[in-house]
């Protein structure tokens, strides 16, 4: 029987590592925890709580896309996060909306990968 114990990482393919790092570190304010470099290609891991978000340009077969899987980043203050993203000129392709349990919006990184900006309402997990 297969028994999943945790998520090892969520990953995104990128085409321009300096541009991607400028976005993930300068716009999303993530701090690299692990940086691998091999033959001019990179793998960067950002630890967020017990989770890892990785970006890489190591495989030409792994293409960036907003149509595949995605990560949802839980933010401390949703309105402040959206204001910050707008000020940074971030591509917001689904503007902020409210559900019964959360507030969320969808943005893309510079390669077009989809990222959800998310804030749970009190009492929801």
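Values quoted throughout were computed directly from the atomic coordinates according to the rules given, and no laboratory measurement underlies them. Note that the structure is a prediction, hence the values are computed from the model and not measured. Cβ atoms come from the backbone with ideal geometry, glycine included; neighbour counts cover every protein chain shown.
Before moving on, here are some points about what is shown:
- Across region 12-109, the relative contact order, built from alpha-carbon pairs under 8 Å that are at least six residues apart, equals 22 percent.
- When the Cα gyration tensor is reduced to axis lengths a ≥ b ≥ c, the ratio a/c is 1.5 or higher for region 24-125, and with a/b above b/c it is classed as prolate.
- Span from the region 22-41 Cα centroid across to the region 63-125 one, whole angstrom: 20 Å
- Taking 24, 93 and counting other C-beta atoms within 10 Å, the order from fewest to most: 93, 24
- Ranked by how many other Cβ atoms sit within 10 Å of their own Cβ, fewest first, the residues 48, 14, 4, 35 fall in the order 4, 35, 48, 14.
- One decimal place: the segment residue 96-residue 29 gains 22.1 nm when fully extended, by the rule 0.36 nm per residue minus the C-alpha distance.
- Prolate/oblate/rounded call for region 1-61, Cα gyration tensor, a/c under 1.5 rounded: oblate
- Acute angle (nearest 10 degrees) that the helix 78-87 long axis makes with the longest principal axis of the chain, alpha-carbon atoms: 60 degrees
- Here is how the number arises for the chain: DSSP H runs of 4 or more residues each give -39500 (n - 2.57), the sum is divided by the residue count, and the result at 222 nm is -3000 deg cm²/dmol.
- Amide N proximity, region 29-69 versus residue 16 label position 7 Å along Cα-to-Cβ, cut-off under 14 Å: none
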